[in-house]
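Accompanying notes for the structure given below.
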Amino acid sequence: MKKNKYLFSFLALFLFACCDNNDNNANDSQSVNNVTINNDVTELSKRIDFTTSGVISIQNTAATGKSAAANASTSFPLVQIGEIKPPVDSQGRTLQASHVAVNGNYAYVSYIMRGDAYSGAIDVIDVSDPYKPKLVTSALIANTDITSLTYANGNLIIGGATDIDKLQSVTNPAIVINMQLSSGLLTDKYTTNYLESRVTTDVAATTSSYFAVTGDNGSLFKLSASGKAVEGKTPVADLRSIALNGDKIVTLSGTKGVNIYSQSTLALQKSFTISTDVSGAKRTMDFDGTNLLVSEGYKGLGVYDSNSGSKLQTIAIATAGEDNVTNAVSVNDGYAFVANGALGLNVYKTGTPLSLVGTLGIAGSSNYVKSSGDYIYVASGTGGLKIIKVEKPGTTFASCTLFGIYNQGLNLILNSNEIKSYSGATAINSAIVNSGAVLTHCGSISILNGLTLNSGSTFNMRGTLAQGKYLPLSSTELIINNNSLLQIEGSVVIWGDLRLNSGAKINFIGNDSSITIYGKVIKSGTVTITGNYKDTENKLK
């Protein structure tokens with residue numbers, strides 16, 4: 001059957017779901033009914049693109065009369081560690097990233113097919129190595145678009161729409177799948193629920209139950225986590241997403257607004273209206289304490305008091321345009337990340353009101369965002385999934401407690417014999433430490449372009465340093481000149497080249513320091529490297 005109008009519009013702005021039962025075991029690549037699982041890490045690694053990896057900057061153009069460069073954040077260091085290209089299905093059609101769920105070091109990514117055909121996939125990405133994401137398994141799911149997924153109790157709960165023309169005795173495309181995971185990886189063991197609707201738009205789960213919402217003439221469903229039983233159902237039109245907060249279930253409808261229910265009984269506790277939205281578009285919500293953040297399409301982001309239903313803040317779309325639309329929001333560790341389609345990804349400090357940190361340009365479009373731990377996952381349509389790492393300060397060193405936060409602009413320049421010390425999280429464009437100067441930084445520092453230590457200077461780095469871009473390598477260098485010293489207590493990642501001129505010195509402190517160099521190491525004359533360290537790419541040898 002052809003996808004109905006509702007599902008078409010849902011997919012057009014971004015969406016998707018999954019499978020059938022079998023007890024066979026999956027090897028490196030195995031097809032079970034309409035699911036093909038690939039565990040060949042070597043083959044899967046070809047879909048990981050590092051060419052855009054490296055330090056990235058976040059811009060803030062809100063201040064009147066100032067350029068974006070002048071207003072880039074100096075307190076929010078970010079590194080793009082990789083991009084996962086979307087899978088191609090068995091018929092050679094490229095799928096589109098749609099949704100992300102995270103559990104520990106694993107990120108689960110769902111995919112859809114645009115147009116009439118139904119086809120989907122799920123990827124599992126391992127981010128246990130902070131700067132080297134691995135695509136460890138992938139499943140192609142024939143005849144099914146995958147809209148959403150969530151992790152619960154060793155299972156993956158999956159929502160979507162299936163092509164009922166390929167199934168006997170099935171009349172409704174909306175499905176929810178409960179897939180057993182094996183040590184976090186996909187398996188062919190799952191159960192399927194068929195729901196009375198055209199598409200399952202979102203899913204959520206607790207330890208005892210899982211929940212699903214369906215679009216069009218949809219409903220909120222409560223299902224047993226131990227079997228296929230539907231434990232409860234309440235009709236609500238045009239449902240887009242679902243969120244759990246304590247003992248409450250919150251649903252978002254494009255026409256009916258926000259409804260808040262009891263998890264145990266599905267009794268309606270509160271409802272309030274939001275901005276009206278275009279039919280069937282993908283939208284998400286997230287909580288910041290009792291504040292509910294709602295993506296409202298062309299109206300931007302709405303912030304509501306979930307207790308009273310009153311609107312606390314509206315963050316409008318800055319520039320009108322067909323593809324400029326707030327699709328999704330994710331709250332993590334004091335920040336809210338907002339996917340604004342062609343306008344990229346906005347970052348706000350949480351609180352009342354939200355305050356803009358800046359905008360991160362995303363090639364293609366920001367259709368969905370999920371932040372968890374140190375990572376931001378951005379689905380960018382046919383551009384696949386971008387993985388961005390937030391460089392957090394981490395350990396506080398005792399001798400650094402009196403150092404202030406860096407606030408001297410985007411280009412850090414120390415004059416000859418000058419001594420400066422900073423702590424916390426620092427993001428800058430470039431750094432030059434001139435002759436005899438001493439720079440000490442404790443925490444995390446990212447440098448978008450070059451870092452140069454001139455003759456007789458010292459850079460004491462405690463924590464993490466990320467510098468440069470992966471390509472073009474020649475445009476970003478870390479240069480250590482004659483008699484200059486880089487002292488490392490922690491980890492350094494150099495995405496470009498390391499140039500060590502005659503007399504250059506690197507000293508590693510402690511037993512746990514490491515250096516990762518993706519570009520070339522260029523040595524001229526005698527270079528001294530001392531201390532215990534891990535050279536992850538074997539470039540210093």
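The values are calculated or read from the model by the stated rules, or taken from the named source; none is laboratory data. Remember, predicted model here, so these are calculated numbers, not experimental data. FYI the Cβ positions are ideal-geometry reconstructions off the backbone, even for glycines, and counts take in every protein chain you see. Accessible surface is based on the protein model in full, side chains and every heavy atom, while ligands, DNA and RNA are left aside. Shrake-Rupley method; radii C 1.70, N 1.55, O 1.52, S 1.80 Å.
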In the chain, carbon and sulfur make up what percent of the accessible area (probe 1.4 Å)? 47 percent
Counting residues in the range 85-158 as N, plug N into 2.2 N^0.38 Å and put the Cα Rg over that result. 1.11
So which lysines can Lys386 reach, going by Cα to Cα under 20 Å and dropping same-chain residues fewer than 8 places off? Lys46, Lys85, Lys132, Lys134, Lys282, Lys370, Lys469
For the full complex of protein chains and a 1.4 angstrom probe, list Lys222, Lys311 by accessible area with the highest value first. Lys311, Lys222
Pairwise label distance in nanometres, Gln408 with Phe287, each label 7 Å out on the Cα-Cβ vector: 4.4 nm
Can you tell me which aspartates and glutamates have their Cα less than 12 Å from the Cα of Lys233? Leave out same-chain residues fewer than eight positions away. Glu196
